[in-house]
Every structure is written in C-alpha cells, then in structure tokens.
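Where a number appears in this text, it was derived from the coordinates with a stated rule and is not lab data. Just so it is clear, the model here is predicted, and its values are computed rather than measured. Here the Cβ positions follow ideal geometry from the backbone for every residue, glycine too, while neighbour counts run over all protein chains shown.
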Amino acid sequence: MDVALPQGAAAREPADSPRSRGAAADLRGRAAGTHVGGIGGMGPSEIVTAIESVRDADRAVPLPPVALEEIVPRERSEVANRVLNVVLAAAALVILSPVLLLVALAIKLTSRGPIFYLQTRIGLDRRWNRTHAMYDRRTQDLGGTVFTIYKFRSMYVNAERDGTAVWATKHDSRVTPVGRVLRQCRLDEVPQLINVLKGDMNIVGPRPERPSIFVRLRSDIAEYPMRQRAKPGITGWAQINQSYDSCVEDVRRKVSYDLEYIRRQSLLEDVKIMLKTVPVMLFKRGGW
C-alpha cells in the first residue's frame, strides 16, 4: 500500500522541465512496485545497496538549510501504550484467525507463490532524541530502525520480470484477483499485527517505508524524517484521510497528517483512529 516518489534529482529541477519529468517517471517505474517473486524480503546485498544509496545521496544531494518547525511527539505513557497494542493485536489475531486462514487458503489456491510477503522497512528513529540514541547501536543511519514487515501476498510471482519496479496503478495487472480484494479491504496489512507483537510497530502510527525509498523522500520532503519520531503503524491519521499516493503532493499531505498525529498522540487518539479505520476497511474506502 506504500508507494515511492520522484528522486531528489527531480526535485531540484523545475517541476515542468523534461529532466524533472523524466526523473520522476523513472523513479515511479523503479520504486513503486512492492511485490516481487518469492517471499522477497530485502536480503543482505539489498541492505548494503540501500546503505550505499544513503551515502551517495548524502554526498551528491546535500539537503539545503531549511527552517523547519521542530516536531516533538506528545508525551504519553509508553508502558500503557505498549500494553494496549499487545492486548489488541493478540485479541485481533485470535478473533480474525478464521478469516486469516481463509485468506491464506485463497492465496495458495489461486496463484503460484508464497502466502506471505516480507519486506524491509524503516521504523522508529531513536537518534533524534539524545536519550534514546544511547540505546541505538546502528553503525549507519538509514533514518530509523530496520525491521521486516509482514503482509499477505497480493501480486503474482515475478510481477517485475526485469527487476524494475513499476508504479502502482488503480487497475494494476500485476495484482491477483484475490489480492485486489485484499487491497480494497486492507486485509493484506493484517499480518502486521505480528509486527506489533514483536514491538516493531504500533497499531496506529505513520506507515513505514523501504530504505531505498526513504532516502529519496527525505531529499524531496524536508519534513519527512520527522515522521520517524513515532513508531510506525498499521493504520494512521493519514491512512483514514487519504487513499494511495499518486504524486509527490499526495505524500506531502500524508506527511502533514502524520506530523499532526505525532503532535497530539495519545491512547484516546489511537482508539479513535482504530474505530475510524473499521469503516475504511468495510466500505473499501481509498483501497485499490
């Protein structure tokens, strides 16, 4: 459900220049597809590539000095928040287990390939806070903690035969019939409840992005790294207010929603967002 955006190179050119349009189209082609053949999680070599892309971007595309409003997450009890997330995630997995088994069976019987799809994502950034940074042992700053996200596979195996990612569209031919229903109802995201139990994510929070896409987004959108100051979530204020991204402006709006959430985060706010997510799933609002 996450999509990629134009590279920093496109952002530095005038928006209507041929070079800008070409760079944007190129990134859309390479970065937007998410489901590839097999289980497809980012392996060691891909992580190395992502790290190298961070280094190259930092050298070739230095961020200009920009006066930004400092976003500080609203304080709340992290113990209470963790308890709430674990209890709700565990309960949801138990209650939804019959549905999840049917979904897994449908995926297995209707298309070749694994039931689950794994992918590396960027999570909470502890380094922005000096106290939390003491417990962060990363040797390379990718923008946040790296973790593996779980999803139901919604695309055919080898959807990108030449290895080039393709921009996601509303009627994407790479999506299986079952996968289309899963995406519309957001059921492909439900396995991320496992990520919640593991502590990688919360039920509510900004959606996590891939390392290679993150480095480009933080070059294009100055405020983008600030969304990593909250643990990523399965759903969020941005997800219930806006559908899939189709351009950089869509992502800018989602970043605004994410930062708004971070400023006012609380247990009550999370419960409200969870309740508002239910009709989004039931009535297929904003899903492709």
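Along the Cα→Cβ direction, 7 angstrom out, place labels at Leu197 and Val86. What is the inter-label distance in nm?
Distance between label points: 1.2 nm.
Counting Lys and Arg as +1 and Asp and Glu as -1, each charge on the Cβ, what is the dipole of region 167-288 about the Cα centre in debye, to the nearest 20?
120 debye
Could you give the length gained by full extension between Glu70 and Arg263, i.e. 0.36 nm per residue of separation minus their alpha carbon distance, to one decimal place?
Extra length from Glu70 to Arg263 when fully extended: 68.4 nm.
Between Arg180 and Val271, what length in nm is gained on full extension when 0.36 nm per residue of separation is reduced by their alpha carbon distance?
Computed gain between Arg180 and Val271 is 30.0 nm.
Beyond 27 Å between alpha-carbons counts as too far, so tell me which of Lys108/Lys272; Lys108/Lys276; Lys198/Lys272; Lys108/Lys254 fall in that bin.
Lys108/Lys272; Lys108/Lys276; Lys108/Lys254
What list do you get for Ser173, Ser212, Ser111 if you sort them by fewest beta carbons within 10 Å?
The most exposed by this proxy come first: Ser173, Ser111, Ser212.
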